[in-house]
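> Just dropping this structure here.
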Amino acid sequence: MDALILSPHINRRIGQAMHDYAMLAEGDRVLVAISGGVDSLVLAWLLKFWQEKAPIHYTLHALTIDNEFWRMHPGVPRPADMIKEQLGRFGISCAVEKAWTLAQEQRTCFKCARNRRSQLFDIARCQGFTKIALGHHKDDLIETLFLNMLYSGNISTMVPKQELFEGRLSLIRPLAYLEKQEIYDIAEKLGIVAVANLCPYAGNTRREKVRHILDAVYSAEPEAKASIFASLRNVRKGYLL
């Protein structure tokens, strides 16, 4: 049944992204960062599915970092338990780590994300992981491009593979060539649902603002998304300041 979840077109693009950026190698220990969003849950299933058919051997470990925002909502299920239940249906166990503490006055989206990323790096280093897999997709890469242009004054985005610490650890994004809606379609077939983000700042971020801007662009120019994504490979440096 799992093989029927992915159309040949989508399966080919996932494989192309993995091949283009040499994301996986023999003997890799892969840590899948699970946020509770549909993207990371589908990614965990995908890497489990590929593990069973790939010509190489790699181990797979899922991890979610618990910010414990659920403690602010009495009676609300713990998101980590809901994540573990969903992944458990696919034979994937998921470890849970309590988030490193940030002082109340330091809690911004940027600092929280940086804190979580630092914690992931520390866990990967201490436990000997060679890859950290993240669920970012084509829409995320385009949004990051515009976030950096609008708010940081630079032209850059997330890349499908990024080597860190002199190559001892790499971030990989196997869903980089897929659009968000395609991932949601896979999730629907698998019965995967997003786990609610209980962060008090959820839904009111710069990324959300950029997403609305881009939705308006796509509405006016339906082919714009493909063109913007293609431009990330077609940078004419001679025509930049």
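Residue-by-condition table, conditions (1) touching a residue at least 40 places away in the same chain (Cβ under 8 Å); (2) closer than 27 Å to residue 190 by Cβ; (3) within 19 Å of the chain's Cα centre (by Cα):
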{"site": "82", "(1), (2), (3)": "yes, yes, yes"}
{"site": "92", "(1), (2), (3)": "yes, yes, yes"}
{"site": "97", "(1), (2), (3)": "no, yes, yes"}
{"site": "131", "(1), (2), (3)": "yes, yes, yes"}
{"site": "138", "(1), (2), (3)": "yes, yes, yes"}
{"site": "141", "(1), (2), (3)": "yes, yes, yes"}
{"site": "156", "(1), (2), (3)": "no, no, yes"}
{"site": "164", "(1), (2), (3)": "yes, no, yes"}
{"site": "174", "(1), (2), (3)": "yes, yes, yes"}
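> For the range 133-171, name all the residues that are surrounded by fewer than 18 Cβ atoms within 10 Å (Cβ to Cβ), touching a Ser or Thr at 6+ places or on another chain (Cβ under 9 Å) and small (Gly, Ala, Ser).
Hit for the range 133-171 is 156, nothing else.
> Being of a type in the set (Val, Ile, Thr), closer than 16 Å to residue 133 by Cα and in contact with a helix residue (DSSP H, G or I) (Cβ under 6 Å, 6 or more places away or on another chain) is the filter here, so list the residues in the range 143-191 that pass it.
Going through the range 143-191, the residues of a type in the set (Val, Ile, Thr) turn out to be 144, 155, 157, 159, 172, 183, 186.
Retained after the next criterion (residues that are closer than 16 Å to residue 133 by Cα): 159, 172, 183.
Matches in the range 143-191: 183 only.
> State which residue pairs qualify: first residue modelled with pLDDT of 95 or more and inside the range 51-67, second residue among the charged types (D, E, K, R) and buried (at least 17 other Cβ atoms within 10 Å of the Cβ) in any location, beta carbons under 7 Å apart, and separation of 6 or more residues or different chains.
58/28; 60/48
> If we keep just the residues of the range 119-132 that are outside any helix (DSSP H, G or I) and of a type outside the set (A, V, I, L, M, F, W, C), which is surrounded by the fewest Cβ atoms within 10 Å (Cβ to Cβ)?
First, the residues of the range 119-132 that are outside any helix (DSSP H, G or I): 128-132.
Remaining after also requiring of a type outside the set (A, V, I, L, M, F, W, C): 128, 130-131.
Working: 128: 10, 130: 19, 131: 22.
Selected residue: 128.
> If I ask for residues that are more than 18 Å from residue 94 (Cα to Cα) and among the aliphatic types (A, V, I, L, M), which ones from the range 49-65 would you list?
54, 56
> Among the hydrophobic types (A, V, I, L, M, F, W, C), at pLDDT below 90 and assigned to a helix (DSSP H, G or I), is that true of residue 112? Break it down stepwise before answering.
On the way: among the hydrophobic types (A, V, I, L, M, F, W, C): yes; at pLDDT below 90: yes; assigned to a helix (DSSP H, G or I): yes.
In short, yes.
The values are calculated or read from the model by the stated rules, or taken from the named source; none is laboratory data. This is a predicted model, so every value here is computed, not measured. When we count neighbours, we look across all protein chains shown, and the Cβ atoms used for this are built from the backbone with ideal geometry, even at glycine.
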